[in-house]
1. Does Tyr396 fit the bill of being closer than 17 Å to Gly118 by Cα and out of contact with any Leu (no Cβ under 9 Å at 6 or more places or on another chain)?
2. Suppose we filter segment 21-53 for residues that are of a type outside the set (A, V, I, L, M), part of a helix (DSSP H, G or I), under 26 Å from the mean Cα position of the chain (by Cα) and more than 16 Å from Ser185 (Cβ to Cβ); how many remain?
3. If the requirement is being surrounded by fewer than 24 Cβ atoms within 10 Å (Cβ to Cβ), under 30 Å from Phe378 (Cβ atoms) and touching a residue at least 24 places away in the same chain (Cβ under 8 Å), which of these qualifies: Gly66, Gly110?
4. Just checking, which of Tyr360, Tyr396 is aromatic (Phe, Trp, Tyr) and closer than 15 Å to Val86 by Cβ?
5. I'd like to check something: does segment 64-75 contain any residue that is in contact with a strand residue (DSSP E or B) (Cβ under 9 Å, 6 or more places away or on another chain) and within 30 Å of Ile297 (Cα to Cα)?
6. Taking the criterion of being outside any helix (DSSP H, G or I), over 16 Å from Glu254 (Cβ atoms) and modelled with pLDDT of 95 or more, would at least one residue in segment 91-101 satisfy it?
7. Just to be sure before I move on: is Pro127 closer than 25 Å to Glu54 by Cα and either among the charged types (D, E, K, R) or in contact (Cβ under 8 Å) with a residue 24 or more places away in the chain (or both) in the structure I sent?
8. Out of Met220, Met238, Met279, report the one residue that is assigned by TED's automatic domain parsing to the domain that holds Ser182, touching a residue at least 60 places away in the same chain (Cβ under 8 Å), among the hydrophobic types (A, V, I, L, M, F, W, C) and touching a Cys at 6+ places or on another chain (Cβ under 8 Å).
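The values are calculated or read from the model by the stated rules, or taken from the named source; none is laboratory data. Fair warning: this is a prediction, and the values are worked out from it, not measured in the lab. In this analysis, Cβ positions are derived from the backbone assuming ideal geometry, glycine residues included, and neighbour counts consider all displayed protein chains.
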Amino acid sequence: MNIQEIIAKKRDKLELTKDEIEYFVKGYTEGKITDYQASALVMAIYINGMNDREITDLTLAMAYSGDVLDLSSLGEVVDKHSTGGVGDKITLILMPVIASLGIPVAKMSGRGLGFTGGTIDKLESIPGYHTSISVDEFKENVKKINISLMGQTLNLAPADKKLYALRDTIACTESIPLIASSIMSKKIAAGANKIVIDVTCGSGAFMKTMEDAKNLATVMTSIGKLAGKETVCIITPMNEPVGYAVGNTLEVIEAVDILKNKYMPKDIKNIIEELGANMLVLANKVQNIEEGKNLIIENIRNGKAYEKFKELVQNQGGDISYIENTDKLEKAKYIVPIIAEKDGTISEINAYEVGRLSCYLGAGRQTKEDEINPRVGFIFNKKVGDIVKSGETIGYIHSDDEQKANEILKYNVVKI
């Protein structure tokens, strides 16, 4: 068996065997298979797809490419994952809420992929917050304060960590087999026994159509069942950015403002209610979805979720003075307004373009080696359906490069 034969099989639209898939995953993880060989196979998978059996074999091989956490000592751990989107700061809001309701939150999150933001990049924009912690510390954090959010370590799903970064650099992010295996391998390795997945659908998501979103949800639910993980998938819209802020620091600020109960964008309220209620049902905390939704909102309004977020940040080395006063967080050098050129109703805020242009500003990665600029991004004052007047400010571009900000104004990401 060799990698050239495996690449050729998938190039020619043939099925890969379980042994061939395991050979590839093991070889790439150990460095015996090169990036360019892995790129060729990933591209062939992207173009020609995989059947359900192949996807499951790929998922399990990736999950068991390193350590698999045993979180049974922590109780009924329910995990949450998103397939990615623009302005998606849901984890920062929802997980402290869940922890404040007595459900253990032990979550491994990823970095930004393509035009979508990563939870770990957002958390690292908080001065001092440690995302690279040991597994023992991860577990101890959950036992101590009921929550820990960390990045992937080298020992947990290392094959996915390498493939995740590789896919981003060769334009192979939007593939159901690769997305499903990436998400579910992390979830299996991370040790949660019950999982709720936010499958985003629309221009700002990897799944552009409802059909693709349903297909991805079906595949992941099937993988979860096979792996003995109770898995629920919720499809949520992603045609405009989630909330008002896009960019790492900007999204942290918005998440904190929501946890402080300063305001609650309707789309964020709908998402956290739906995902959170399903998590509470899986954890046997509530009997039905409606009861769960009420508890989610109640623990934001009473301040318990905000206090839990501060506890999380402080426990992982973060300086909570930046949470208590987000004005202390670093801002971009240039804040350029987006002005409405006519009266009317906003018909579109193109999530894909906003995400792509955020990457251009430095909020995302174009190569594996790129460093994130946490300060840059967008803040919108309006949502689709809102009425605007000519000359009114619709939003702001936050940039460290004035020329780039002025270039972006020409794209008309907001349509009236």
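1. Numbers: closer than 17 Å to Gly118 by Cα: no; out of contact with any Leu (no Cβ under 9 Å at 6 or more places or on another chain): yes.
Judged against the criteria, Tyr396 is not a match.
2. Number satisfying all stated conditions: 4.
3. Answer to the selection: Gly110.
4. Tyr360
5. Yes: segment 64-75 contains one or more residues that are in contact with a strand residue (DSSP E or B) (Cβ under 9 Å, 6 or more places away or on another chain) and within 30 Å of Ile297 (Cα to Cα).
6. Narrowing segment 91-101 to residues outside any helix (DSSP H, G or I): 101.
Narrowing further to those that are over 16 Å from Glu254 (Cβ atoms): 101.
Among the residues that remain, those that are also modelled with pLDDT of 95 or more are: 101.
Checking segment 91-101: at least one residue is outside any helix (DSSP H, G or I), over 16 Å from Glu254 (Cβ atoms) and modelled with pLDDT of 95 or more.
7. So Pro127 fails the test.
8. Met238
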